[in-house]
Amino acid sequence: MGLKELANLAQGSKELRHHNSAENMVLKVPIMRKQIGLGPETNRYIKSIILEHGDEQQRRTNVKAIMTEWFMHKKHSVFNELCTQAIEFADENSPHKVPLEPFDCWGNISYKGDWVKVHDHWPHVWSWCYYAQVSKECSPIFFPHTDNKQRREFWPEQGEMLLWPGALYHGVDPLEVDFERVVVAGNLTVKL
């Protein structure tokens, strides 16, 4: 089975929270932020690549916005560099040192009304997002399942990367402002 088939399988798979044996658990997990600002010129370049690819997913994924294909890091060095940054970030914060590699990496651009359905990235070890273009008026990324039943929200800054365990549910409410939010996201898996 190839990478594309695995990515499609992961998208269509059942969520762990709906498993017959699912139990509500309280678990402290890290959600980390790091300013890695690649600079305005690189961020504009990222945006131009995403626009060039267009909505290759045709809103069939959890991302209800313009979204590229899954393996941008294999086609564009700037996406591969972001994967490298994500691996370094994960290595700095992993409880145990394990060899990591990018599984997939994609870009998306959200306009007013676009959103991201609540989902997880299981079975990947780490998931990440890099914010190439964002404003404080944009909808935050949120994590709905917390110990006090309150969702946890993060308003990322431009040039910032967020990293969290891949099994953690997350989403983004519809964008309510006229703004182009540009995000690159991906998953890290254990290198076998």
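Roughly speaking, what is the stretch gain from ARG151 to ILE36, that is 0.36 nm per residue apart minus the C-alpha to C-alpha distance, in nm to one decimal? Can you show the working numbers first?
Details: separation 115, 0.36 × 115 = 41.40 nm, distance 2.59 nm.
Between ARG151 and ILE36, full extension yields an extra 38.8 nm.
Only Cα pairs under 8 Å and at least 6 apart count here; give the relative contact order of the stretch 137-192 as a rounded whole percent. Let's see the in-between values first.
Values: 53 pairs, mean separation 22.2, N = 56.
Once normalised by length, the contact order is 40 percent.
Could you give the dipole magnitude of the stretch 32-73 about its Cα centre, charging the beta-carbon of Lys and Arg +1 and that of Asp and Glu -1, in debye to the nearest 20? If you can, show how the numbers build up before the last one.
Details: 7 positive and 5 negative charges, 62 e Å.
Magnitude of the dipole: close to 300 debye.
Run through the stretch 98-177 and list the trypsin sites (Lys or Arg not before Pro) located in a DSSP loop whose Cβ has at most 16 other Cβ atoms within 10 Å. Write down the numbers at each step before the final one.
Numbers: sites: LYS112, LYS117, LYS136, LYS149, ARG151, ARG152; in loops: LYS112, LYS136, LYS149, ARG151.
Sites meeting the loop and neighbour criteria: LYS112, LYS136, LYS149, ARG151.
Quick check for you: which residues of the stretch 39-58 have the amide N under 18 Å from the point 7 Å beyond the Cα of TYR111 toward its beta carbon?
Counting only backbone N, you get 47-58.
So for the pair ASP173, ASN93, with labels modelled 7 Å out along Cα→Cβ, what separation do we get in nm?
2.3 nm
Name the helices (complete DSSP H segments) of the chain with a Cα length along the long axis of 18 Å or more and a Kyte-Doolittle mean of at least 1.6, or state none.
On the way: long enough: 40-53 (20 Å, -0.66); 77-93 (24 Å, -0.11).
None clear 18 Å together with a mean of 1.6.
Below 8 Å between Cα atoms, with a sequence gap of 6+, how large is the relative contact order for the chain in percent?
Working: 391 pairs, mean separation 53.0, N = 192.
Relative CO of the chain lands at 28 percent.
Name the most mobile residue of ALA167, ALA86, ALA132, meaning the one with the largest mean-square fluctuation, in a Gaussian network model of the chain with Cα contacts below 10 Å.
Ranking ALA167, ALA86, ALA132 by mean-square fluctuation puts ALA167 first.
Please say if the chain is rounded, prolate or oblate, where rounded means a/c under 1.5 for a ≥ b ≥ c the square roots of the C-alpha gyration tensor eigenvalues, and otherwise the choice is prolate for a/b larger than b/c and oblate otherwise?
Values: a/c = 1.32, a/b = 1.19, b/c = 1.11.
Since a/c stays below 1.5, the shape of the chain is classed as rounded.
Before rounding to the nearest 500, sum -39500 (n - 2.57) across all DSSP H runs of length at least 4 in the chain and divide by the residue total; then give [θ] at 222 nm in deg cm²/dmol. Mind dumping the intermediate values first?
Working: 3 runs with 41 residues, N = 192.
Dividing the helical sum by the residues of the chain leaves -7000 deg cm²/dmol.
Could you look at the stretch 18-175 and say what percent of its accessible area is carbon and sulfur, using a 1.4 Å probe and all protein chains? Walk me through the numbers before you get to the answer.
Numbers: 4240 of 8320 Å².
Accessible surface attributable to carbon and sulfur in the stretch 18-175 totals 51 percent.
Roughly how many debye, to the nearest 20, is the charge dipole of the stretch 98-192 about its Cα centre, given +1 on each Lys and Arg Cβ, -1 on each Asp and Glu Cβ, and no other charges?
Numbers: 8 positive and 13 negative charges, 50 e Å.
The calculation lands at about 240 debye.
Which of MET32, MET67, MET161 moves the most in a Gaussian network model of the chain with Cα springs under 10 Å?
Looking only at MET32, MET67, MET161, the biggest GNM fluctuation is shown by MET32.
Which of rounded, prolate or oblate describes the stretch 99-192 when judged by the alpha-carbon gyration tensor and an a/c cut-off of 1.5? Don't skip to the answer; put the middle values down first.
Working: a/c = 2.14, a/b = 1.35, b/c = 1.59.
Taking the square roots of the gyration eigenvalues as a ≥ b ≥ c, the stretch 99-192 is oblate.
Could you go through the stretch 159-165 in sequence order and give the Karplus-derived ³J(HN,Hα) for each residue, using 6.51 cos²θ - 1.76 cosθ + 1.60 with θ = phi - 60°, rounded to whole Hz, and x for Gly and Pro?
x, 9, 10, 10, 9, 8, x
Calculate, for the chain, the solvent-accessible area per residue in square angstrom, rolling a 1.4 angstrom probe over the heavy atoms of the protein chains.
Heavy-atom accessible area per residue stands at 55 Å².
Step through the residues of the stretch 68-73 one at a time and calculate ³J(HN,Hα) from phi using the Karplus curve (6.51 cos²θ - 1.76 cosθ + 1.60, θ = phi - 60°), rounding each to whole Hz and writing x for Gly and Pro.
Computed from phi, the couplings for the stretch 68-73 are 6, 5, 6, 10, 5, 5 Hz.
Can you compute the FRET efficiency between VAL190 and GLU81 using 1/(1 + (r/R0)^6), with r the Cβ-Cβ distance and R0 = 30 Å? Round to the nearest 0.05. Display every interim value, and only then the final one.
On the way: r = 21 Å, r/R0 = 0.70.
The pair VAL190/GLU81 has a calculated efficiency of 0.90.
Quick one: how many lysine pairs in the chain have C-alpha atoms under 16 angstrom apart, if they're 8 or more apart or on different chains?
Going through the chain pair by pair, I get 9.
The values are calculated or read from the model by the stated rules, or taken from the named source; none is laboratory data. The structure displayed is predicted, hence computed values, not measured ones. Here Cβ is always computed from backbone atoms with ideal geometry, including for glycine, and neighbour counts include all displayed protein chains. Surface accessibility is based on the protein's heavy atoms, side chains included, excluding ligands, DNA and RNA. Shrake-Rupley method; radii C 1.70, N 1.55, O 1.52, S 1.80 Å.
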